[in-house]
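Remarks on the structure that follows.
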Amino acid sequence: MSRSILHLLVSIVDYFTDQFAINLSIGNRVPQTLANMGVGELKNKYDRKSSMKIVETLPFTVRRVLHCWIPLQTKERLSASLWLPVISKGKSVPAILEYSPYRRRDYSAANDEANHSYLAGHGYACLRVDVRGTGDSDGLHTEQWSEDYDRDAQDVLHWIVNQGWSNGRVGMMGLSWGANTSLRMASRCPPELKAIIPVSAADDRYSNKYLGGCLLMNSIVWGFTMMAQNSRPPSPEAVDDDWRSMWLLRLEGIPCYPANWMRHPNFDDFWASGALDKHLSDFGCPVFIVGGAADPGYAATVPKMLSELKVPVRGLIGPWAHKYPQYAEPGPAIGFLQEALGWFDQWLKDDGSVLKPEPKFRAWMHEFSHPEGVAGTRQGRWIEEPEWPSLNVEEKMLIINAGGRLDTNIEHESAVAICTPQHLGAAAGEWMPWLAFGGEAELPLDQRLDDALSVTFDTPPLSERLEFHGAPAVDLTLSADKPVAMIIARLCDVAPDGTSMRVTYGALDLTHREGSTMPLPLTPGQKIRVQLPLYHNAHSFKPGHSIRLALSTTYWPVLWPTPDVATVTVWTGASKLLLPVRAPQEAEELMRQYGEPETALPLSKKILQEKKLRRHIIRDAATGETVLHHLDDGGCYRLPNGLECTAKTERWLRIHENDPLSARLDIDWSWGFRQKEWQVETRTRGIVTCNSKAFNVISNIQGKENGNEVFQRSWSETIPRISKTS
């Protein structure tokens, strides 16, 4: 380890001590200077929750139907929970549907009760429906965005408007999967659907599996997570003695999602069947689309919808991760349910409710915040854009110059070689911060650890504030020495003390430089020009801070590495950073402020075993191996019906600094349920490795009833790394 890197690591001791347990060892010896970096655990102080106002008195009394069946055309049934406002005989109300696979009876029960009771208490019939093959619903859960789910959702909409309490108008809302389905339903224009609010939605799943054609580690991890989630049984309370046969049928029918997605590295018919690009002009109802800047892969859908939809549309991007904004982390959280009521009142109610004029787009303009892997509150302010694309934004060009400089002067061309070690990316955080159990260190850390391994270009300290809103891009003139290579760009805000905060980033498999439908080969040594888009964001660089562009050829564990170690040569003077610079607007000081977060009473949960969260980075300088170890143990809780639930996931991500073929993922997921004499456990394990020609995917699912194994199934697949140069 070089002296400069050693000094860098020691200089950020305090930061990493608070966020990670770090073991750095050389053989069996731990140098004193590194041992003192602190082998600790995440502290309870990081288990932060936004303040939430619980509203106990609502305009309407709410009647709950804890379980009802919705019949489908296929003769199958979907399970649902229903919250109904108590209304006068003969009157009817609009409905709000949340349609999701995340188990209304247990996993999402607490928040479902809080959210839907609140909305029902304001005059809506609210339904929380489990999609086929999940929760207590019939059928099998198959591939993401299958036609089966859309057909079922249309059946649910038709069922709703034929109920006596329905006024014939339905809205949809949902997070992630539920948001995606909302968009798909709006594109199909069912007459019952009058408005939607998708939160953290994806309009095309290819870009959320492959970033610029580069395989995202999240797509592999999430594939195994879906397998684990779909292994859970229905409840005997809902389906009686049929639960066991339904469960075994589910276990037998689970697809190996990671393998399915890794077989399709290009945008082919597999992905096109779920994309909405060709249907955006066909949407049949108003859309209020919401995202979080800490979840940039999903937030990218917001400006796209604002630009292309023809129906009434409003967009909101806060500082949040993959969460509903009233539970938002990082904060500040907002009164999202109040915003939802305003939107649905306008489009669903009979009383002529009309929203006051609102800007088309609201976004959180970030300012420098000390990077924390765990959720806190982000510094910044809300901004408004009357239209999108915005007339307040103009492109500013910064030239990438020799000597690591980023400025407005165009200088002579000079070649800079970039070949970064495979373990670069330890400070990246998660591609999709899920924060499933709360308090996980999933957000980006101080970027100095990764900056030191990258090739960086900095502006001089700024003399005045510079703000941007939109998707920056890097225009690069480059060549590569291998047929396959990738380039990653990170945009960072560097404080006067050297702390580096990641603002946004992007990646490009260079064979996908003209699109992912039919990648083009690289000719080693040939100079080409590419444009690398970065994720959308809004950020304000303060005076005295510097803008840093960090370039690398690796980004583990966000991206799976290319088969060979590649060197990419960038020509300074001919390459540039394009920033969508925004002029501050005086009227924003008078903009409407969001209310404080509020919900109805959530379902109570008795904690029987506290959660346990760990993030370790283990760097062995003797072997060159880096291991990221993640443990998310959700503990055990008991719901009011006596159901006890446990969940735990553990991951190990390994790589050697000079060997991309050493990349390896091990993942272990377990779920458990106990109620009276009924006890069920499932365990899902997966391993992914590679060689220069193929990926190797091994997975196993095990089911136990009352401690006895009743099911086991294994997969072992070799998936060709399809040549992108043929």
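The values are calculated or read from the model by the stated rules, or taken from the named source; none is laboratory data. Note that the structure is a prediction, hence the values are computed from the model and not measured. No Cβ is skipped: glycine too gets one built from the backbone with ideal geometry, and neighbour counts run over all protein chains shown.
Within the option set 531, 585, 526, being touching a residue at least 24 places away in the same chain (Cβ under 8 Å) and under 26 Å from residue 423 (Cα atoms) holds for one residue only, 531.
Here is a yes/no grid of residues against (1) of a type outside the set (Ser, Thr, Tyr); (2) touching a helix residue (DSSP H, G or I) at 6+ places or on another chain (Cβ under 7 Å); (3) in the same structural domain as residue 520 (by TED's automatic domain parsing); (4) more than 28 Å from residue 138 (Cβ to Cβ):
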site: 230; (1), (2), (3), (4): yes, yes, no, no
site: 234; (1), (2), (3), (4): yes, yes, no, no
site: 245; (1), (2), (3), (4): no, no, no, no
site: 258; (1), (2), (3), (4): yes, yes, no, no
site: 265; (1), (2), (3), (4): yes, no, no, yes
site: 280; (1), (2), (3), (4): yes, yes, no, yes
site: 290; (1), (2), (3), (4): yes, yes, no, yes
site: 296; (1), (2), (3), (4): yes, no, no, yes
site: 303; (1), (2), (3), (4): yes, no, no, yes
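Of the candidates 193, 157, the single residue that is aliphatic (A, V, I, L, M), farther than 18 Å from residue 293 by Cα and touching a Cys at 6+ places or on another chain (Cβ under 7 Å) is 193.
Within the range 237-279, the set of residues being over 22 Å from residue 180 (Cβ atoms), touching a Lys or Arg at 6+ places or on another chain (Cβ under 9 Å) and at pLDDT 95 or above comprises 247, 251, 252. Would you mind stating whether residue 489 is modelled with pLDDT of 95 or more, surrounded by fewer than 22 Cβ atoms within 10 Å (Cβ to Cβ) and under 26 Å from residue 426 (Cα atoms)? No; evaluated as a whole, the condition is false for this residue. None of 178, 174, 212 is touching an Asp or Glu at 6+ places or on another chain (Cβ under 7 Å) and closer than 30 Å to residue 530 by Cα except 212. Scanning the range 515-529 for residues that are farther than 18 Å from residue 210 by Cα and crowded, with 17+ Cβ neighbours inside 10 Å gives a single hit, 522. Annotation note: of 457, 437, the sole residue that is surrounded by fewer than 18 Cβ atoms within 10 Å (Cβ to Cβ) and in contact with a Gly (Cβ under 8 Å, 6 or more places away or on another chain) is 437. One residue alone among 241, 203 is over 23 Å from residue 444 (Cβ atoms), among the charged types (D, E, K, R) and not in a loop (DSSP other than H, G, I, E, B), and that residue is 241.
Within the option set 372, 358, 394, 367, being farther than 18 Å from residue 570 by Cβ, of a type in the set (Asp, Glu) and loosely packed, with under 13 Cβ neighbours inside 10 Å holds for one residue only, 394.
The single condition from (1) touching a Pro at 6+ places or on another chain (Cβ under 9 Å); (2) under 28 Å from residue 306 (Cα atoms); (3) assigned to a loop (DSSP other than H, G, I, E, B); (4) not aliphatic (A, V, I, L, M) that residue 425 fails is (2). Scanning the range 177-194 for residues that are out of contact with any His (no Cβ under 8 Å at 6 or more places or on another chain), assigned to a strand (DSSP E or B) and either touching a residue at least 12 places away in the same chain (Cβ under 8 Å) or surrounded by 21 or more Cβ atoms within 10 Å (Cβ to Cβ) (or both) turns up at least one hit.
Among the residues of the range 175-203, the one identified as acidic (Asp, Glu) and either in the same structural domain as residue 433 (by TED's automatic domain parsing) or in contact with a Lys or Arg (Cβ under 7 Å, 6 or more places away or on another chain) (or both) is 203. Exactly one residue out of 546, 552 is among the small types (Gly, Ala, Ser) and over 17 Å from residue 212 (Cα atoms): that is 546. Scanning the range 531-544 for residues that are part of a loop (DSSP other than H, G, I, E, B) and surrounded by 22 or more Cβ atoms within 10 Å (Cβ to Cβ) returns 534, 536.
Checked across the range 306-313, the condition of being surrounded by 19 or more Cβ atoms within 10 Å (Cβ to Cβ), in contact (Cβ under 8 Å) with a residue 60 or more places away in the chain, outside any loop (DSSP other than H, G, I, E, B) and out of contact with any helix residue (DSSP H, G or I) (no Cβ under 7 Å at 6 or more places or on another chain) holds for at least one residue.
Taken over the range 654-679, the criterion of being β-branched (Val, Ile, Thr) and out of contact with any helix residue (DSSP H, G or I) (no Cβ under 7 Å at 6 or more places or on another chain) is satisfied by 655 alone.
Could you tell me whether the range 118-132 includes any residue that is surrounded by 21 or more Cβ atoms within 10 Å (Cβ to Cβ), in a loop (DSSP other than H, G, I, E, B), in contact with a helix residue (DSSP H, G or I) (Cβ under 9 Å, 6 or more places away or on another chain) and at positive phi? Taking every residue of the range 118-132 in turn, none turns out to be surrounded by 21 or more Cβ atoms within 10 Å (Cβ to Cβ), in a loop (DSSP other than H, G, I, E, B), in contact with a helix residue (DSSP H, G or I) (Cβ under 9 Å, 6 or more places away or on another chain) and at positive phi. Checked across the range 60-81, the condition of being in contact with a Ser or Thr (Cβ under 8 Å, 6 or more places away or on another chain) and free of Cβ contacts under 8 Å to residues at least 12 places away in the same chain holds for at least one residue. When restricted to residues that are assigned to a loop (DSSP other than H, G, I, E, B) and of a type in the set (Gly, Ala, Ser), the range 360-380 contains 4. If you go through the range 645-661 one residue at a time, do you hit one that is more than 30 Å from residue 472 (Cβ to Cβ) and either at pLDDT below 95 or not in a strand (DSSP E or B) (or both)? Yes, because at least one residue in the range 645-661 is more than 30 Å from residue 472 (Cβ to Cβ) and either at pLDDT below 95 or not in a strand (DSSP E or B) (or both). Of all residues in the range 613-625, none satisfies being modelled with pLDDT of 95 or more and either of a type in the set (A, V, I, L, M) or within 24 Å of the chain's Cα centre (by Cα) (or both).
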